[in-house]
Amino acid sequence: MASRICTASLAATAALTAGLATTAAPAHAGRPAPAEPTARAGGTSLHFDKNRRDPSASRVRLVHSATGRVLAAYRAGSGQGGRAGRDECAKNRGWLPDGTYRVLSHTTRKQGGRDGINGYAIRVSDQVCRDGRTRRTALFLHSEMRPDGTQGPAHPGRDAPYRWDGDSDYRSLGCVKLAPEDIKDLFAAAQRYGWPASLKVAK
């Protein structure tokens, strides 16, 4: 089962810097539409739409805040699946709690090591889950890749920590995960329309 740990030290978090890319993504579900003059002025937001039937087949959308127009959309996953994977209060197993998060930073060269988050990553704020006590922390939208954004070698029969191995990699320990080509395309769309200030999560 492929999943990377959604943790980050304070030093690593402080090192996050803005990074933008323009890689094409033939596999993603919705390419950015042609830019409108008002898109950047109106602002954008990210939306994570949970799929209760299959959390690994949920959706991330980049939305024009003023009009609600979907500028880009991608398959994404969060949590480990199963009953615990749908429990927003289950640390390192459950998907992100419902609510609105601040987008804190983004980078194309995050260095989290073998068991961490590498390459393209968007950091969002902590969130308290529905029990009012459990705080989910160190939350990102990310993929599986090397720190420079390239894919590592395959390891047949086991998970490759720096490589997207397929649908099983949509599972996570709580973060939102996208395929490598999709998160790169999301960065390109954010550069085109303006970087989102928030992430909205809902079922």
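The values are calculated or read from the model by the stated rules, or taken from the named source; none is laboratory data. On a predicted model such as this, the values are computed, not experimentally measured, just so you know. Virtual Cβ from ideal backbone geometry, glycine too; neighbours counted across all protein chains shown. Accessible surface areas use protein heavy atoms only, side chains included; no ligands, DNA or RNA. Shrake-Rupley method; radii C 1.70, N 1.55, O 1.52, S 1.80 Å.
Couple of notes before you dig in:
- Maximal additional length on extending the A160-T100 stretch stands at 18.4 nm, based on 0.36 nm per residue less the C-alpha distance.
- Per-residue SASA entry for D49, accessible area with 1.4 Å probe, Å² rounded to 10: 50 Å²
- Cα-projected label distance for R135 with D49, points at 7 Å along beta-carbon direction, nm: 3.2 nm
- For the range 63-203, the fraction of alpha-carbon pairs in successive 10 Å shells from zero, as %: 12, 42, 36, 11, 0
- Just the protein heavy atoms count here, and of the accessible area of the range 77-203 at 1.4 Å, carbon and sulfur take up 43 percent.
- Here K91 sits with roughly 120 square angstrom of accessible surface, probe radius 1.4 Å.
- With protein chains left intact and a 1.4 Å probe, residues in the range 154-195 average 36 Å² of accessible area per residue.
- Only lysines eight or more places from K50 in sequence, or on another chain, were considered; those with a Cα closer than 16 Å are K177, K200, K203.
- With eigenvalues of the C-alpha gyration tensor scaled by 5 and rooted, the range 127-203, Å: 25, 20, 10
- Cα-based convex hull volume of the range 82-157 per residue, rounded to whole Å³: 101 Å³
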